[in-house]
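In what follows, a single structure is set out as C-alpha coordinates and then discussed.
The values are calculated or read from the model by the stated rules, or taken from the named source; none is laboratory data. Everything quoted here is computed from the prediction, not taken from an experiment. Because the Cβ atoms are built from the backbone with ideal geometry, glycine has one as well, and the counts that use them run over all protein chains shown. With ligands, DNA and RNA removed, areas are computed over all heavy atoms of the protein, side chains included. Shrake-Rupley method; radii C 1.70, N 1.55, O 1.52, S 1.80 Å.
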Amino acid sequence: MAIQWFPGHMNSTRNAIKERMKGGIDVVIELLDARLPGSSSNPLLRELTEAKPSLKVLNKQDLADPARNALWLAHFQAMPETRAMVLDTSMVAPAKALAAECRALAPNRGGMAKPLRVLICGIPNVGKSTLINTLMGKKSTKTGDEPGITKVEQKLVLENDFYLFDTPGMLWPRISVAQSGYNLAASGAIGRNAFSEEEVALELLTYLRHEYPAAIEGRYKLGAAAYELDDEGLLTAIGRKRGAVMSGGRVNLQKASEVLIYEFRQGILGRITLETPEQFAQWCKAAEASDAARAQKLADRKARRKGVDSRAADRAARAAAAGEDPGTED
(Lines give C-alpha, C1' and ligand atoms only; values in the text may rest on other atoms or scores of the structure.)
Protein backbone atom coordinates (compact mmCIF):
# COMPACT_ATOMS: atom_id res chain seq x y z
CA MET A 1 0.00 0.00 0.00
CA ALA A 2 1.41 3.39 -0.98
CA ILE A 3 1.62 5.99 1.81
CA GLN A 4 0.33 9.49 1.06
CA TRP A 5 0.03 12.54 3.35
CA PHE A 6 -0.55 16.09 2.09
CA PRO A 7 -2.54 18.22 4.59
CA GLY A 8 -4.17 21.44 3.41
CA HIS A 9 -1.55 23.73 4.92
CA MET A 10 1.09 22.13 2.67
CA ASN A 11 -0.72 23.49 -0.38
CA SER A 12 -0.52 26.93 1.24
CA THR A 13 3.22 26.38 1.74
CA ARG A 14 3.63 25.55 -1.94
CA ASN A 15 1.93 28.81 -2.88
CA ALA A 16 4.00 30.74 -0.34
CA ILE A 17 7.24 29.40 -1.84
CA LYS A 18 6.08 30.46 -5.31
CA GLU A 19 5.45 34.00 -4.04
CA ARG A 20 8.75 34.14 -2.17
CA MET A 21 10.64 33.13 -5.31
CA LYS A 22 9.01 36.03 -7.17
CA GLY A 23 10.38 38.37 -4.50
CA GLY A 24 13.92 37.16 -5.13
CA ILE A 25 15.88 34.28 -3.60
CA ASP A 26 19.58 33.65 -4.21
CA VAL A 27 20.14 30.25 -2.58
CA VAL A 28 17.83 27.46 -1.45
CA ILE A 29 18.79 25.38 1.59
CA GLU A 30 17.08 21.99 1.61
CA LEU A 31 17.30 20.32 4.98
CA LEU A 32 17.34 16.53 4.56
CA ASP A 33 17.13 13.64 6.99
CA ALA A 34 20.56 11.99 6.82
CA ARG A 35 18.90 8.60 7.46
CA LEU A 36 16.94 8.90 4.19
CA PRO A 37 18.47 11.68 2.07
CA GLY A 38 16.86 10.66 -1.22
CA SER A 39 13.41 10.02 0.20
CA SER A 40 13.44 13.27 2.21
CA SER A 41 14.42 15.39 -0.82
CA ASN A 42 11.26 17.05 -2.13
CA PRO A 43 10.98 16.72 -5.96
CA LEU A 44 8.44 19.55 -5.95
CA LEU A 45 11.12 21.98 -4.76
CA ARG A 46 13.06 21.70 -8.01
CA GLU A 47 10.01 23.00 -9.83
CA LEU A 48 9.16 25.68 -7.25
CA THR A 49 12.67 27.08 -6.74
CA GLU A 50 13.48 27.63 -10.41
CA ALA A 51 16.81 25.77 -10.36
CA LYS A 52 18.42 28.21 -7.91
CA PRO A 53 21.79 27.23 -6.38
CA SER A 54 21.14 24.68 -3.66
CA LEU A 55 22.72 23.70 -0.36
CA LYS A 56 21.77 20.19 0.74
CA VAL A 57 22.10 19.88 4.51
CA LEU A 58 22.05 16.36 5.95
CA ASN A 59 20.56 16.87 9.38
CA LYS A 60 20.52 14.25 12.17
CA GLN A 61 23.77 12.89 10.74
CA ASP A 62 24.69 11.59 14.20
CA LEU A 63 21.81 9.09 13.83
CA ALA A 64 22.90 8.01 10.34
CA ASP A 65 25.50 5.55 9.07
CA PRO A 66 28.81 7.52 8.71
CA ALA A 67 29.88 5.58 5.60
CA ARG A 68 26.56 6.31 3.92
CA ASN A 69 26.75 9.98 4.94
CA ALA A 70 29.92 10.15 2.85
CA LEU A 71 28.21 8.46 -0.12
CA TRP A 72 25.33 10.93 -0.05
CA LEU A 73 27.59 13.97 0.30
CA ALA A 74 29.52 12.88 -2.78
CA HIS A 75 26.24 12.25 -4.61
CA PHE A 76 24.93 15.76 -3.96
CA GLN A 77 28.29 17.48 -4.50
CA ALA A 78 28.35 16.02 -8.02
CA MET A 79 25.18 17.93 -8.93
CA PRO A 80 25.52 21.30 -10.73
CA GLU A 81 25.32 24.43 -8.56
CA THR A 82 24.93 22.29 -5.46
CA ARG A 83 26.91 22.01 -2.26
CA ALA A 84 26.31 19.63 0.62
CA MET A 85 27.20 19.38 4.29
CA VAL A 86 26.30 17.30 7.34
CA LEU A 87 24.83 18.77 10.48
CA ASP A 88 23.65 17.81 13.95
CA THR A 89 23.01 19.51 17.26
CA SER A 90 26.62 18.94 18.39
CA MET A 91 28.13 20.98 15.55
CA VAL A 92 30.13 24.02 16.67
CA ALA A 93 29.22 27.36 15.04
CA PRO A 94 26.64 25.96 12.58
CA ALA A 95 25.53 29.47 11.58
CA LYS A 96 29.00 30.34 10.28
CA ALA A 97 29.36 27.05 8.42
CA LEU A 98 25.94 27.39 6.83
CA ALA A 99 26.50 31.03 5.87
CA ALA A 100 29.90 30.24 4.31
CA GLU A 101 28.40 27.51 2.09
CA CYS A 102 25.57 29.80 0.98
CA ARG A 103 27.93 32.67 0.18
CA ALA A 104 30.06 30.33 -1.92
CA LEU A 105 26.95 29.51 -3.98
CA ALA A 106 26.12 33.21 -4.54
CA PRO A 107 29.47 35.03 -4.63
CA ASN A 108 27.97 38.15 -6.23
CA ARG A 109 25.60 38.76 -3.32
CA GLY A 110 26.58 40.35 -0.02
CA GLY A 111 26.73 43.68 1.76
CA MET A 112 23.79 45.85 2.73
CA ALA A 113 23.18 46.93 -0.89
CA LYS A 114 22.79 43.33 -2.05
CA PRO A 115 21.96 41.17 0.97
CA LEU A 116 22.00 37.42 0.50
CA ARG A 117 18.44 36.06 0.44
CA VAL A 118 18.19 32.40 1.41
CA LEU A 119 15.12 30.17 1.52
CA ILE A 120 15.23 27.17 3.87
CA CYS A 121 12.92 24.25 3.11
CA GLY A 122 12.45 20.70 4.26
CA ILE A 123 9.96 17.94 4.85
CA PRO A 124 7.96 17.90 8.11
CA ASN A 125 9.79 16.94 11.31
CA VAL A 126 13.25 17.06 9.69
CA GLY A 127 14.55 19.35 12.44
CA LYS A 128 14.28 22.70 10.66
CA SER A 129 12.79 24.63 13.57
CA THR A 130 15.41 23.28 15.97
CA LEU A 131 18.16 24.24 13.53
CA ILE A 132 16.84 27.77 13.10
CA ASN A 133 16.65 28.26 16.87
CA THR A 134 20.28 27.10 17.06
CA LEU A 135 21.32 29.45 14.26
CA MET A 136 19.58 32.42 15.85
CA GLY A 137 20.79 31.62 19.35
CA LYS A 138 17.26 31.90 20.71
CA LYS A 139 13.85 30.28 20.44
CA SER A 140 12.63 31.83 17.18
CA THR A 141 10.34 28.97 16.16
CA LYS A 142 8.24 26.36 17.91
CA THR A 143 9.67 22.84 17.92
CA GLY A 144 8.25 19.41 18.55
CA ASP A 145 8.67 15.74 17.66
CA GLU A 146 5.77 15.69 15.22
CA PRO A 147 5.27 16.87 11.64
CA GLY A 148 3.60 20.17 10.81
CA ILE A 149 4.73 22.38 13.72
CA THR A 150 5.67 25.45 11.63
CA LYS A 151 2.59 26.88 9.91
CA VAL A 152 3.68 30.28 8.55
CA GLU A 153 6.65 31.76 6.71
CA GLN A 154 9.19 33.68 8.80
CA LYS A 155 11.94 36.14 7.84
CA LEU A 156 15.04 35.91 10.04
CA VAL A 157 18.24 37.99 9.95
CA LEU A 158 21.11 35.55 10.38
CA GLU A 159 23.79 38.19 9.71
CA ASN A 160 23.50 41.88 8.77
CA ASP A 161 23.43 41.02 5.06
CA PHE A 162 22.03 37.49 5.30
CA TYR A 163 18.25 37.08 5.28
CA LEU A 164 16.83 33.64 5.95
CA PHE A 165 13.25 32.86 4.95
CA ASP A 166 11.78 29.89 6.78
CA THR A 167 8.80 27.93 5.40
CA PRO A 168 6.62 25.21 6.94
CA GLY A 169 7.58 21.62 6.26
CA MET A 170 6.15 20.29 3.01
CA LEU A 171 5.81 16.92 1.33
CA TRP A 172 4.60 16.47 -2.23
CA PRO A 173 1.07 15.50 -3.33
CA ARG A 174 1.91 12.01 -4.56
CA ILE A 175 4.73 9.84 -3.24
CA SER A 176 5.30 7.59 -6.25
CA VAL A 177 8.32 5.74 -4.80
CA ALA A 178 6.70 3.24 -2.44
CA GLN A 179 9.84 2.63 -0.36
CA SER A 180 10.20 6.39 0.17
CA GLY A 181 6.74 6.44 1.70
CA TYR A 182 7.70 3.74 4.18
CA ASN A 183 11.02 5.43 5.01
CA LEU A 184 9.33 8.80 5.54
CA ALA A 185 6.76 7.18 7.82
CA ALA A 186 9.50 5.36 9.78
CA SER A 187 11.37 8.65 10.28
CA GLY A 188 8.34 10.53 11.61
CA ALA A 189 7.81 12.83 8.62
CA ILE A 190 4.27 11.58 7.98
CA GLY A 191 1.36 11.89 10.39
CA ARG A 192 0.39 8.71 12.25
CA ASN A 193 -3.13 8.76 10.81
CA ALA A 194 -1.73 8.19 7.30
CA PHE A 195 -0.11 4.78 7.78
CA SER A 196 -0.23 1.47 9.60
CA GLU A 197 2.57 1.15 12.15
CA GLU A 198 2.63 -2.61 11.63
CA GLU A 199 3.04 -2.31 7.86
CA VAL A 200 5.81 0.28 8.24
CA ALA A 201 7.55 -1.77 10.94
CA LEU A 202 7.56 -4.86 8.72
CA GLU A 203 9.07 -2.88 5.82
CA LEU A 204 11.65 -1.41 8.18
CA LEU A 205 12.47 -4.84 9.56
CA THR A 206 12.84 -6.30 6.06
CA TYR A 207 15.48 -3.68 5.29
CA LEU A 208 17.28 -3.90 8.63
CA ARG A 209 17.62 -7.68 8.65
CA HIS A 210 19.38 -7.52 5.27
CA GLU A 211 21.41 -4.31 5.67
CA TYR A 212 21.95 -4.02 9.44
CA PRO A 213 21.51 -7.50 11.00
CA ALA A 214 24.03 -6.69 13.72
CA ALA A 215 21.88 -3.77 14.86
CA ILE A 216 18.88 -6.07 15.33
CA GLU A 217 20.86 -8.74 17.18
CA GLY A 218 22.78 -6.18 19.23
CA ARG A 219 19.58 -4.64 20.55
CA TYR A 220 17.23 -7.60 20.93
CA LYS A 221 19.57 -10.60 21.50
CA LEU A 222 17.23 -12.98 19.66
CA GLY A 223 19.72 -15.69 18.74
CA ALA A 224 20.40 -17.21 15.33
CA ALA A 225 17.16 -19.22 15.20
CA ALA A 226 15.03 -16.06 15.12
CA TYR A 227 16.50 -15.03 11.77
CA GLU A 228 15.06 -18.14 10.13
CA LEU A 229 11.60 -16.67 10.76
CA ASP A 230 9.71 -14.52 8.28
CA ASP A 231 9.39 -10.77 8.98
CA GLU A 232 6.18 -11.12 10.98
CA GLY A 233 7.73 -13.93 13.02
CA LEU A 234 10.80 -11.78 13.68
CA LEU A 235 8.62 -8.82 14.71
CA THR A 236 6.76 -11.17 17.04
CA ALA A 237 10.05 -12.27 18.59
CA ILE A 238 11.05 -8.63 19.08
CA GLY A 239 7.70 -7.87 20.68
CA ARG A 240 8.09 -10.78 23.08
CA LYS A 241 11.60 -9.63 23.97
CA ARG A 242 10.43 -6.05 24.62
CA GLY A 243 7.43 -7.02 26.73
CA ALA A 244 4.63 -6.45 24.21
CA VAL A 245 2.81 -9.56 25.47
CA MET A 246 -0.93 -9.76 26.09
CA SER A 247 -2.91 -12.18 28.24
CA GLY A 248 -2.56 -15.74 27.04
CA GLY A 249 1.01 -15.13 25.91
CA ARG A 250 0.03 -13.57 22.59
CA VAL A 251 2.27 -10.76 21.27
CA ASN A 252 0.69 -7.40 20.54
CA LEU A 253 2.11 -6.69 17.07
CA GLN A 254 0.86 -3.10 17.16
CA LYS A 255 2.88 -2.46 20.31
CA ALA A 256 5.87 -4.35 18.92
CA SER A 257 5.71 -2.18 15.78
CA GLU A 258 5.59 1.01 17.83
CA VAL A 259 8.62 -0.14 19.83
CA LEU A 260 10.68 -0.93 16.72
CA ILE A 261 9.84 2.37 15.02
CA TYR A 262 10.51 4.36 18.20
CA GLU A 263 13.87 2.71 18.78
CA PHE A 264 14.89 3.36 15.17
CA ARG A 265 13.91 7.03 15.43
CA GLN A 266 15.78 7.52 18.70
CA GLY A 267 18.96 5.89 17.41
CA ILE A 268 18.70 3.10 19.99
CA LEU A 269 19.35 0.53 17.24
CA GLY A 270 22.53 2.38 16.25
CA ARG A 271 23.49 4.64 13.36
CA ILE A 272 21.33 3.53 10.44
CA THR A 273 20.66 4.93 6.97
CA LEU A 274 17.72 3.40 5.12
CA GLU A 275 18.99 3.98 1.57
CA THR A 276 22.10 4.45 -0.52
CA PRO A 277 22.19 6.63 -3.64
CA GLU A 278 22.20 3.47 -5.77
CA GLN A 279 19.25 1.93 -3.98
CA PHE A 280 17.25 5.13 -4.19
CA ALA A 281 17.99 5.42 -7.93
CA GLN A 282 16.75 1.86 -8.44
CA TRP A 283 13.54 2.58 -6.51
CA CYS A 284 12.95 5.71 -8.62
CA LYS A 285 13.54 3.77 -11.84
CA ALA A 286 11.06 1.09 -10.76
CA ALA A 287 8.50 3.77 -9.83
CA GLU A 288 8.91 5.44 -13.23
CA ALA A 289 8.36 2.11 -14.99
CA SER A 290 5.27 1.46 -12.88
CA ASP A 291 3.90 4.93 -13.62
CA ALA A 292 4.57 4.46 -17.34
CA ALA A 293 2.78 1.09 -17.33
CA ARG A 294 -0.16 2.62 -15.46
CA ALA A 295 -0.35 5.51 -17.95
CA GLN A 296 -0.19 3.11 -20.91
CA LYS A 297 -2.97 0.98 -19.42
CA LEU A 298 -5.15 4.07 -19.02
CA ALA A 299 -4.39 5.19 -22.58
CA ASP A 300 -5.27 1.73 -23.93
CA ARG A 301 -8.53 1.75 -22.01
CA LYS A 302 -9.44 5.17 -23.40
CA ALA A 303 -8.52 4.06 -26.91
CA ARG A 304 -10.75 0.98 -26.64
CA ARG A 305 -13.60 3.10 -25.31
CA LYS A 306 -13.08 5.61 -28.10
CA GLY A 307 -13.13 2.78 -30.64
CA VAL A 308 -16.41 1.43 -29.26
CA ASP A 309 -17.94 4.91 -29.24
CA SER A 310 -16.74 5.47 -32.81
CA ARG A 311 -18.32 2.23 -34.05
CA ALA A 312 -21.58 3.08 -32.28
CA ALA A 313 -21.62 6.51 -33.94
CA ASP A 314 -21.03 4.94 -37.37
CA ARG A 315 -23.93 2.53 -36.87
CA ALA A 316 -26.20 5.37 -35.81
CA ALA A 317 -25.23 7.41 -38.86
CA ARG A 318 -25.85 4.52 -41.26
CA ALA A 319 -29.17 3.72 -39.64
CA ALA A 320 -30.30 7.33 -39.77
CA ALA A 321 -29.43 7.53 -43.47
CA ALA A 322 -31.47 4.37 -44.12
CA GLY A 323 -34.32 5.49 -41.87
CA GLU A 324 -33.83 2.48 -39.58
CA ASP A 325 -33.45 1.89 -35.83
CA PRO A 326 -29.64 1.74 -35.25
CA GLY A 327 -30.01 -1.06 -32.65
CA THR A 328 -26.90 -2.80 -31.41
CA GLU A 329 -24.35 -5.23 -32.85
CA ASP A 330 -22.83 -8.27 -31.18
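Worth a mention:
- For residue 192, the solvent-accessible surface computed with a 1.4 Å probe is close to 150 Å², ligands and nucleic acids excluded.
- Furthest towards positive pole of dipole, 239, 169, 210, structure part the range 158-243, Cβ charges: 239
- Area of residue 177 that stays accessible when all protein chains are in place (1.4 Å probe, Å², to 10): 20 Å²
- Proximal charge balance of residue 237 [Cβ under 14 Å; K/R count +1, D/E count -1]: +3
- Net length gained if the chain between residue 211 and residue 194 were fully extended (0.36 nm per residue, minus Cα distance): 3.5 nm
- Database remark: amide H of residue 32 closer than 5 angstrom to the amide H of 57, 58, 59 (H placed geometrically; neighbours at sequence offset of 5 or more, or on other chains; Pro and chain starts carry no H).
- Environment charge of residue 284, counting only residues whose C-beta is closer than 13 Å and scoring Lys/Arg +1, Asp/Glu -1: -3
- Packing, as the average of other Cβ atoms within 10 Å across residues, places the peptides 267-274, 97-104, 127-134 in the order 127-134, 267-274, 97-104, highest first.
- Solvent accessible area, Å² - residue 318, 1.4 Å probe, full protein context: 140 Å²
- Sites residue 18 and residue 284 - FRET efficiency at Förster radius 30 Å, r taken between beta-carbons, to 0.05: 0.75
- Pairs beyond 31 Å (Cα-Cα), from 60/221; 128/221; 56/302; 114/285; 241/285; 128/255: 128/221; 56/302; 114/285; 241/285
- Sequence-distant residues sharing a close amide H with residue 273 (under 5 Å, placed H): 65
- Projected label points at residue 172 and residue 157, each 7 Å from Cα along the beta carbon direction, are separated by 3.7 nanometres.
- Once backbone amide H atoms are built at 1.01 Å from N, residue 251 has 246 as its partners under 5 Å, excluding neighbours fewer than 5 places away on the same chain.
- The distance linking the range 165-232 with the range 91-140 is 30 Å (Cα centroid to Cα centroid, whole angstrom).
- Gain on full stretching of the segment that runs from residue 46 to residue 291 - 0.36 nm per residue minus C-alpha separation: 86.2 nm
- Expressed to the nearest 5 percent, the antiparallel share of DSSP beta bridges inside the chain is 20 percent.
- A Cβ-based charge dipole, computed about the Cα centre of the chain with Lys and Arg at +1 and Asp and Glu at -1, lands at about 900 debye.
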